[in-house]
Amino acid sequence: MQFAYNSAPELTYWWLDGFLDFTSEQKPQVRADIHSFYSWHRSQQLGLYITWLERAQTMAGRNIQADEVCALMGEALDSLDTVTKELEPRVVRLLLTIEPAQTEQLQKQFTKKNREWRKEWLLGTPDELLDTRTDKGVEQAEKFYGRLDTSQKQLLRNLAKNSGYDPRMSYLLRLRRQADSVDTLRKLSTHSKDSDAFAMEWRQLVERTRNTPDPMLRQYGEDLKKANCAAVANLHNATTPQQRDRAAKQLQAYARDLRTLMERKP
């Protein structure tokens, strides 16, 4: 975790550059803004993450309820409001300099990523797609609990099967968000360069990304979130004392890494 977080500013820069292909004029400011954001994030947000990890560590030793999981996840999502506000002046600086070719580059990269997404999540028989989702769930769970037994893997498969997840709906939600981002950039490219107007567009885009205006997709997202919370609780409640102890130690190790990151600034 420490290595990944310390590398995050540079990795974030290259990830964004792949989508937008920064111009030589943009590069210095973007790098500076990314580094200043992570400096803020290190000092202002990591302590909050430690608090959540400590709560999760306490929960790991006992049976839990789905609403407890959703409450913790909800706090994490709500904290993104603070992150979004901190990002705003940096994003606006970039938006004011975006060129039409960069908007088309963004669309090109979305199209490429969507081909990869469809190949993994849409192509195949229902059983094959369920296998993929089950394998992903097992991989994530074993990071915390260690090796799952056969009955626990079957439980995960059943939870995935009955979660209400629909790859077609998820793909529609993905496309809606991407189209909204591209359309917003195209719209801004025709606007006069006004920082306040661009900031408002950014806020509205973030709100639409978090809460899709499409009622069908919004309901699908809410139902899936509840199902995921229930799945986390059901799997945890089926674990052994040894697995719960391992999960608590893993959460403790994450919190320890975050404290080190806060104390040893780069």
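Quick look at the values:
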item	result
Matching option when the condition is within 30 Å of LYS226 (Cα to Cα) and surrounded by fewer than 12 Cβ atoms within 10 Å (Cβ to Cβ), among ASP78, ASP67	ASP78
Inter-residue pairs, beta-carbon under 9 Å, first closer than 10 Å to TYR145 by Cβ and in the range 244-259, second among the small types (Gly, Ala, Ser) and part of a helix (DSSP H, G or I), 6+ apart	ALA247/ALA56
Residue list for the range 44-60, filter: small (Gly, Ala, Ser) and either at pLDDT below 95 or part of a helix (DSSP H, G or I) (or both)	GLY47, ALA56
Search result, residues across the range 108-137 that are surrounded by 13 or more Cβ atoms within 10 Å (Cβ to Cβ), on the phi < 0 side of the Ramachandran plot and over 20 Å from the mean Cα position of the chain (by Cα)	LEU122, LEU129, LEU130, ASP131
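The values are calculated or read from the model by the stated rules, or taken from the named source; none is laboratory data. Because the structure is a prediction, the values reported are computed rather than measured. Cβ sites come from the backbone with ideal geometry, for glycine too, and all protein chains shown count toward neighbours.
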